[in-house]
Amino acid sequence: MSDHLPDPILSVRDLRICAARQHQILHGVSFDILPGETYGLVGESGSGKSVTGLAVLGLLKRPLAVNGGALYFKDRELLKLSARERRRLRGDRMAMVFQEPMTALNPLATIGRQIAEMFVIHRGMGWTQARAKAVEALENVRVPAPEERARAYPHQLSGGMRQRVMIAMALACRPDLLIADEPTTALDVTVQAGVLELIADLCRAEGTAVLLVSHDLGVIANMCQRVGVMDRGRLVEEQDTRALFENPLHPYTRGLLAARPRLGSRIAGQRGRLTELDQVVTASDRGRDAPTLVTPRGPREEVTA
Amino acid sequence: MLHFILRRMLQMIPTMLAVVLIVFVIFSVVPGSFISGLMSEGRNATNIQAMQHLNAQFGLDQPVPVRLWNYVTGLLQGDLGISYRTREPVWNVIEPRLWPSIKLALMAMGLAAVVGIPLGFMAALRPGSIFDSATMVVAVSGLSLPEFWFGLLLMYVFALQLGWLPSFGYQPGSLQHIILPAIALGVSPMALLARTTRAGVLDVMNADFVRTGRAKGLSEPRLVKAHVARNVLVLILTTMGLQIGAMMGQAIVIEKLFSWPGIGSLLVDSVATRDIPVVQGAVLVIVVWFLVINMLVDIAYAVIDPRIKVG
């Protein structure tokens, strides 16, 4: 871009991901995340946004695999690192918060131990010291009675509390990048705002960059400085958040914005029909730029390269 | 916890009564009795008077409900009855058989666990590998082997051909004598445990919290040790409990084959001579063993899994 911008913390270049070496899932996605910036990835289910996040962390599970492109993290080429070096970065320099707080914690270990583990593996602390740090971490994510909660098991906590625990765990080692994959989708609406605010506050305080993956445009609008819109494995539009909402350039983005439920639209007596498309768009003849309201999960195209 | 154990023990009583009832009824309708067996030995003419005398002596001249009542009331006072054959209290006949049987069951299960669980783990950590396929082929074979045939094979190879181990018999405190019967008895639970462990590990490795562990930067060995193992244990505990519980009943054939003086061989001998009080006593012991093991498994669950509350 230009020279007065700081170097990006994460630079995704032409990232390609395939499934079972046959089906291309991601067709060359590129974007940058600047230090301290919150970058949003939106798109409907199956557009490849979660997979992008997992690929950055190196957690893609077979049959998914990266088959092209590059990932630069603070000037290090992630794809060229050994498995061991990537593991060292995970949790320490880049961390992730997942969608399902109900199942993302080990049911048989205490909350305190699961957080303390971060300090043990990345900071080489003993368990006693790590446990004390874990209580501190719980306090930081505004969990009431952290001493007590540290001794609790995941099933004894509510969904919102568990997601706070996940955040405490992810931010334990003060990473440079936090990848949040639909962090509030599984939560109660009343709890969502609190959790988002927590992520925003803590990351602002530490200067942590955030890659926020969501299909919720409201969440994106509140949290992100810049947004990338994904559609069927491609980044179709990237803009400042405000600009995107005011002037969506890509037809797909316009479709996405039009699909938002609007508060009050019913009360206003406009219980109208859904936006009508003037033609039927089938999976095969719909082009790259076609506005979509219905998409099959993931495109099935042969690998060309 | 104490409350839980007491309640579980009380719950055993109806099960035991049902077992007593079934065994009692079956043996009062099957043809042939201890006395008719005794009388027909070597003689053609039956001595009616002697038979009636013996019948009265054992209380067999009374109707079945009365005999059942007497047996159950005796049982509640801890009296298992008198053996027809040895005229000793049944408990005195069973008691010396108890320890050899328990020893064999624990030994067989120990072998099954020590071999089966690690095999299942290793197979699951490299799914689809040659090691995995080989282990599962061996496991299925182990499950399908008839255990008496496998016992005979062990005897033939290790006792007869190689002469490393005694082929049969029991000596208190002798490790050599227990090895072959324990292997013969342990093969099928070992195979089952290997399969269950493999399935359990694969299941747990797909869990979300394992992905969290990877995202935390845990190495695979550490992940398995700290997060996978305990969760797998919860899954295979039931299988292990059922196997140990059923072991004493399954041991009947193996005990007979290796002349192991346990409950199983006692049961076979007593059925052959229609020594009904001993048969009932032996069956009861097998049932109590099963129930106690299951109770211990439930307690173990509560210890391992914080989601399960006890008491």
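Of the residues making up the stretch A:133-158, those that are assigned to a helix (DSSP H, G or I) and surrounded by fewer than 16 Cβ atoms within 10 Å (Cβ to Cβ) are A:Glu136, A:Glu147, A:Glu148, A:His155, A:Gln156. When the test is whether a residue is more than 20 Å from the chain's Cα centre (by Cα), touching a residue at least 24 places away in the same chain (Cβ under 8 Å) and not in a helix (DSSP H, G or I), A:Ala109 passes it.
If we keep just the residues of the stretch A:107-132 that are away from chain B (no Cβ under 13 Å) and of a type in the set (S, T, N, Q), which is surrounded by the most Cβ atoms within 10 Å (Cβ to Cβ)? That would be A:Gln129.
Restricting to the stretch A:30-68, count the residues that are crowded, with 24+ Cβ neighbours inside 10 Å, at pLDDT 90 or above and more than 23 Å from A:Cys203 (Cα to Cα). Number satisfying all stated conditions: 0.
Of all the numbered requirements in (1) over 27 Å from A:Leu138 (Cβ atoms); (2) among the polar types (S, T, N, Q); (3) modelled with pLDDT of 85 or more, A:Thr208 misses one, and that requirement is (1).
So that you can scan it fast, the table gives a plain yes or no per residue for (1) in contact with a strand residue (DSSP E or B) (Cβ under 8 Å, 6 or more places away or on another chain); (2) more than 10 Å from chain A (Cβ to nearest Cβ); (3) surrounded by fewer than 19 Cβ atoms within 10 Å (Cβ to Cβ):
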{"site": "B:Ala182", "(1), (2), (3)": "no, yes, no"}
{"site": "B:Val187", "(1), (2), (3)": "no, yes, no"}
{"site": "B:Gly200", "(1), (2), (3)": "no, yes, no"}
{"site": "B:Gly213", "(1), (2), (3)": "no, no, no"}
{"site": "B:Gly217", "(1), (2), (3)": "yes, no, no"}
{"site": "B:Glu220", "(1), (2), (3)": "no, no, yes"}
{"site": "B:Leu235", "(1), (2), (3)": "no, yes, yes"}
{"site": "B:Gly241", "(1), (2), (3)": "no, yes, no"}
{"site": "B:Met248", "(1), (2), (3)": "no, yes, no"}
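Annotation note: Cβ proximity below 9 Å between a residue of the stretch B:152-170 that is at pLDDT 85 or above and a residue that is crowded, with 17+ Cβ neighbours inside 10 Å and among the acidic types (Asp, Glu) (sequence gap 6+ or interchain) occurs for no pair.
Where helices (runs of 4 or more DSSP H) fall entirely within the stretch B:1-69, those with at least 2 residues that are exposed (fewer than 12 other Cβ atoms within 10 Å of the Cβ) and at pLDDT below 85 are at B:2-29, B:48-57.
Condition test on A:Glu206, is it of a type in the set (Asp, Glu), away from chain B (no Cβ under 11 Å) and under 30 Å from A:Ala258 (Cβ atoms)?
no
Of the residues making up the stretch A:31-49, not a single one is assigned to a helix (DSSP H, G or I) and within 14 Å of chain B (Cβ to nearest Cβ).
Here B:Lys225 meets the list (1) in a loop (DSSP other than H, G, I, E, B); (2) within 14 Å of chain A (Cβ to nearest Cβ) almost entirely, failing just condition (1). When the stretch A:87-119 is examined, which residues are found to be aliphatic (A, V, I, L, M) and in contact with a Pro (Cβ under 6 Å, 6 or more places away or on another chain)? Once the filter is applied, which keeps residues that are aliphatic (A, V, I, L, M) and in contact with a Pro (Cβ under 6 Å, 6 or more places away or on another chain), the stretch A:87-119 yields A:Met94, A:Ala95, A:Val97, A:Leu105. Scanning the stretch B:195-222 for residues that are in a helix (DSSP H, G or I), among the small types (Gly, Ala, Ser) and closer than 17 Å to B:Leu125 by Cα gives B:Ala199, B:Gly200, B:Gly213.
Once the stretch A:133-174 is narrowed to residues that are without any contact (Cβ under 8 Å) to a residue 12 or more places away in the chain and farther than 20 Å from A:Gln99 by Cα, the residue that is nearest to the other protein chains (Cβ to nearest Cβ) is A:Glu148.
If I filter the stretch A:66-106 down to residues being hydrophobic (A, V, I, L, M, F, W, C) and in a helix (DSSP H, G or I), which single residue comes out as farthest from the other protein chains (Cβ to nearest Cβ)? Only one residue fits best here, namely A:Leu79.
The values are calculated or read from the model by the stated rules, or taken from the named source; none is laboratory data. Note that the coordinates shown come from a computational prediction; the quantities given were computed from them, not determined experimentally. Reconstructed Cβ throughout: ideal geometry from the backbone, glycine too, with neighbour counts over all protein chains shown.
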